[in-house]
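Asker: Before anything else, here's the structure in question.
Nothing in this text is a laboratory measurement; each read-out follows from the coordinates by a stated rule. All of these numbers come straight from a predicted model, not from anything done at the bench. Quick reminder, even Gly has a Cβ in these numbers, built from the backbone with ideal geometry, and neighbours come from all protein chains shown.
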Amino acid sequence: MRWLLLILALSLAPFKAAAEEGPVRLHAPAALIETGLFDYILPRFTLKHRVRVELIDTPAEAHIALGTEGRPLFTGPSQTWAMEIRDPDHPGTATLADWLTGEIGRNTILAYAPDGTPLFSEAKAPERETAAVDLSGDPELGLRVSKAKCTRCHAVDDSTRMAGIGSTPSFAVLRSLPDWEQRFAAFYVLNPHPSFTQIADVTLPFSDLTPSPIVPIEMTLDEVDAVLAYVAAMKAADLGAPLQHQ
């Protein structure tokens, strides 16, 4: 009996961990929900990856939002639907995004045919120009600072890809977000950084009542600018290949 209980506990461990993290919150417009697509694809995704997904009405509260902004995923019945990652910090966000843009998720979406005829077809990302970012920081200094002060939590380049915390996005993943520049320029005011980060002549010293829970990260504004310049020059992570017609 004890062995049976142990085996049962181990088999349920991934589900318990996922429950503690909470579901991935996915927003989609009513027109897309009414096609029945999510009743078809989400149980298959959850069964494969043991990551729960919750459809929500409010885009601002979503980890991933489907609509007209972001990376095109598929077309039908009357428009092209795109994916926008709103919060990459949830451990299940990357898993769902990879599935939606990967071969298995793509084939699942394209196979949805409630009346015998597929509702959706592939969509290709349009060509778009990348706006140049005018930065005055030193990217080489930025790399050195990133390796010295950021690898506690993040992978900052190929040589540090095994560093950091597994659920924390790498610099390359953050660079792929549309608001990456704002995230890096003001990272020290975005949680959880204020609790352990000090920027010279900018942030207030830690209170005796709320000291840093870990060894503080101390940086200057010149170092922040250098990190921003380094990230601007790096290649953004590819979150998946565009959909291919089968």
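Asker: Whole-Hz Karplus ³J(HN,Hα) for the range 207-216, in order, using 6.51 cos²θ - 1.76 cosθ + 1.60 and θ = phi - 60°, x for Gly and Pro?
Answerer: Residue by residue, the range 207-216 yields 6, 4, 7, 10, x, 5, x, 9, 4, x Hz.
Asker: At a Cα cut-off below 14 Å, give the aspartates and glutamates reachable from residue 48, other chains included and same-chain residues fewer than 8 away excluded.
Answerer: 98, 103
Asker: Let me ask something additional. With a 10 Å radius around each residue's Cβ, average the other Cβ atoms per peptide and rank 223-230, 104-111, highest first. Provide the component values of the computation, followed by the final result.
Answerer: Values: 223-230: 22.4, 104-111: 17.6.
Descending packing order for the listed peptides: 223-230, 104-111.
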